[in-house]
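K.L.:
There's a structure below that I have some questions on.
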Amino acid sequence: MRRRRRGARRIAWAVPMLSLLALAGCAEAPSSKSTATAAATAAAVDCGRIAGNGRTFYESSPTYTDPRDDGEDWSSTAPEAQGLDSTKLRRGLAKLGSNASLSSALVIRHDRLVAERYFHGSGAQRSNNVHSASKSVLQALVHIAVAKGDIGSLDDPVADYLPEYFGNATPDKKKITIRHMLTMRSGLDWTEDSTESQVEKTPNWIRAILGRDLVSDPGTTYNYSSGNTHIASAVLQKATRMSTCQFAHQYLFGPMGITAEHWGRDPQGVFSGGYNVYLTPREMAKFGLLYLHDGKWGGRQLVPRGAVRAAQTRTTQVDDVFAYSEGWWLQTISERSMYFAWGFGGQFIYVIPSADIVLVISENTSNNGANEEIDPTEFIRDHLLPGTTGPGSGP
């Protein structure tokens, strides 16, 4: 994840306010023609074309352009129409925009995109690396595979799916489950932002990750590891007989009209599990809305409700502020519980059920990680939540 703490500088807001036409399926829907076209495009994506070269664990994070103009999915509204204070939003977003690496900030309430701002040359079709925010996407994919019957259970041992890597493993290591990987409790030795450089020098990253020493009993100790989620991606590919990229576009992204512009891949062809996935800010917002609406999109249950519940269920209290669940982070601000996808360098998808809000923030990390990561807490506490009125505004 390469977590970094966060900062600020100054810019004005740029784009007129827009409104999401109930893409989550709770009010008006976009035209069936535009939805079908977007879904067909996403489902037919060429994963081989967008795949990484398999040489580096973390890529240099260039910016891509989404060729699809999704403007027909959007129409205008005012924040006050959705019970928000435009003055508070304007001031808060201007303050966020003082960070020189900020790319976007989007606020959605009652399925309407009431504020959409792009900074420093970014725009609605600019697609950037969402880094570890994609761990939340991976959580959804694994749960979908369980619902389809491709994976028996999250409590299945990883060794059941990747037996070729456990021939000489200890009995305790063979107890590592898929759930342990998603909750960062595998027990495998790993130092985030360090071990990756060792792994990428090996010809087989899966073997290198699973070959790490077991330093605690599986399921007992939290230790954040992108190695864990990469193993989960390998399990997904083995179980579904599809690449993680293909599975995502067929069963999750495709129905939502989302297309990743790039997706990392290791030397064995395993697509990056929880890093090196490129999405636009609006696509990030769609994913947040999917979870806000209990996994439903356009009236269809894309992600099992159990996955959404698991995303909101604490498995580890990491420190005084943050807890971890299954690929998602948990936080309480102004007595409101919320959960969020969090990626290196300032990639956030906040889901705030009690206020019926999704907040997306993204930053440019193409400068080799030299950006200062934003902390959204102040914006949420001082500029977003105090202005909420109407349904969904209670604690």
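The values are calculated or read from the model by the stated rules, or taken from the named source; none is laboratory data. Keep in mind that what you see is a predicted model, and the values were worked out from it rather than measured. Backbone-built Cβ (ideal geometry, glycine too); neighbour counts: all protein chains shown. These area figures cover heavy atoms from the full protein model, side chains too; ligands, DNA and RNA do not enter into them. Shrake-Rupley method; radii C 1.70, N 1.55, O 1.52, S 1.80 Å.
K.L.:
With a 1.4 Å probe and all protein chains kept in place, how much accessible area does T191 have, in Å² rounded to the nearest 10?
P.N.:
For T191, the solvent-accessible surface is approximately 80 Å².
K.L.:
Sticking with this one: Calculate the translational D of the range 44-192 in whole µm² s⁻¹ from Stokes-Einstein, where the hydrodynamic radius comes from the Kirkwood formula applied to all Cα pairs, the temperature is 20 °C and the viscosity 1.002 mPa s.
P.N.:
Roughly 108 µm²/s, to the nearest whole number.
K.L.:
For K174 paired with S60, estimate the spin-label separation in nm (one decimal), with each label point 7 Å from Cα along the Cα-to-Cβ line.
P.N.:
With each label placed 7 Å out from Cα toward Cβ, I get 4.5 nm.
K.L.:
On to the next question. Pick from T177, T280, T377 the residue whose mean-square fluctuation is largest in a GNM of the chain, springs joining Cα atoms under 10 Å.
P.N.:
T377
K.L.:
State the Cα centre-to-centre distance between the range 54-129 and the range 261-334 in whole Å.
P.N.:
One Cα centre to the other: 18 Å.
K.L.:
Under 5 Å between amide hydrogens, which residues at least 5 positions from T177 or on another chain qualify, with H placed 1.01 Å from N in the peptide plane?
P.N.:
V158
K.L.:
Can you give me the P(r) profile for the range 332-371? Cα pairs, bins 10 angstrom wide beginning at 0, each as a whole percent.
P.N.:
Per 10 Å bin, starting at zero, the Cα-Cα P(r) for the range 332-371 comes out as 29, 42, 21, 8 percent.
K.L.:
Moving on. Tell me the Kirkwood hydrodynamic radius of the range 78-160 in angstroms, computed as one over the mean inverse distance between distinct C-alpha pairs.
P.N.:
Radius from the Kirkwood sum: 16.1 Å.
K.L.:
R90 to T332: extension gain in nm, 0.36 nm per residue of separation minus the Cα-Cα distance?
P.N.:
Full-extension gain reported as 84.8 nm.
K.L.:
Let me ask you something else. To test your reading of the geometry: what angle, between 0 and 90 degrees and rounded to tens, separates the Cα axis of helix 226-240 from the longest principal axis of the chain?
P.N.:
In the chain, helix 226-240 runs at an angle near 80 degrees to the longest axis.
K.L.:
Now, a different point. So, in nm, how far is label Q301 from label R241 when the simple model puts each one 7 Å beyond its Cα toward the Cβ?
P.N.:
Those two pseudo-labels are separated by 2.6 nm.
K.L.:
Okay, moving on. From Cα pairs below 8 angstrom and at least 6 apart in sequence, can you work out the relative contact order of the chain, rounded to a whole percent?
P.N.:
About 27 percent, as a whole number.
K.L.:
Using the alpha-carbon atoms, what tilt in degrees (0 to 90, nearest 10) does helix 281-292 show relative to the longest principal axis of the chain?
P.N.:
80
K.L.:
So, one more: How large is the accessible surface per residue of the chain, computed with a 1.4 Å probe and reported in Å² as a whole number?
P.N.:
Value for the chain: 37 Å² per residue.
K.L.:
I've got another one for you. Going by alpha carbons, how many degrees (0 to 90, nearest 10) lie between the helix axis of 86-96 and the longest principal axis of the chain?
P.N.:
Approximately 40 degrees, to the nearest ten.
K.L.:
Modelled label-to-label distance, K201 and D320, 7 Å Cα→beta-carbon offset: nm?
P.N.:
If labels sit at K201 and D320, their model points lie 3.9 nm apart.
K.L.:
Let me ask you something else. For the range 326-367, which GluC sites (Glu not before Pro) pass both filters: DSSP loop (anything but H, G, I, E, B) and at most 16 other C-beta atoms within 10 Å?
P.N.:
Of the GluC sites (Glu not before Pro), the ones in loops of the range 326-367 whose Cβ has at most 16 other Cβ atoms within 10 Å are E335.
K.L.:
Pull up the cross-link candidates among the lysines for K148, meaning alpha carbon to alpha carbon under 21 Å and not fewer than 8 places away within one chain.
P.N.:
K135, K238, K296
K.L.:
Whenever you get a sec, line up S194, S134 from highest to lowest accessible area (probe 1.4 Å, protein heavy atoms).
P.N.:
S194, S134
K.L.:
Within the P(r) computed for the chain, what percentage of the Cα pairs occupies the region above 37 Å?
P.N.:
16
K.L.:
Just check the range 122-251 against the gyration tensor rule for me: Cα atoms, a ≥ b ≥ c as the square roots of the eigenvalues, rounded for a/c under 1.5, and otherwise prolate or oblate depending on whether a/b exceeds b/c.
P.N.:
Here the range 122-251 falls in the oblate category.
K.L.:
Further, regarding this structure: In µm²/s, what is D for the range 272-330 at 10 °C and 1.306 mPa s, where D = kT/(6 pi eta Rh) by Stokes-Einstein and Rh is the Kirkwood radius from Cα pairs?
P.N.:
D = 124 µm²/s.
K.L.:
Which length gain, in nm to one decimal place, applies between D189 and H120 when the Cα-Cα distance is subtracted from 0.36 nm times their residue separation?
P.N.:
Extra length from D189 to H120 when fully extended: 20.9 nm.
K.L.:
If you build a Gaussian network model of the chain, linking Cα atoms that sit under 10 Å apart, which residue out of Y275, Y161, Y291 swings the most?
P.N.:
Comparing Y275, Y161, Y291 in a Gaussian network model of the chain, the most mobile one is Y161.
K.L.:
Exactly which trypsin sites (Lys or Arg not before Pro) in the range 197-238 are in a DSSP loop and have at most 13 other Cβ atoms within 10 Å?
P.N.:
K201
K.L.:
Across bins of 5 angstrom width beginning at 0, how are the C-alpha pair distances of the range 228-368 distributed, in whole percent?
P.N.:
Per 5 Å bin, starting at zero, the Cα-Cα P(r) for the range 228-368 comes out as 2, 9, 16, 22, 23, 16, 8, 3, 0, 0 percent.
K.L.:
Run the helix sum for the chain: -39,500 (n - 2.57) per DSSP H stretch of 4+ residues, divided by residue count, reported at 222 nm to the nearest 500 deg cm²/dmol.
P.N.:
So the helix-based figure for the chain works out to -7000 deg cm²/dmol.
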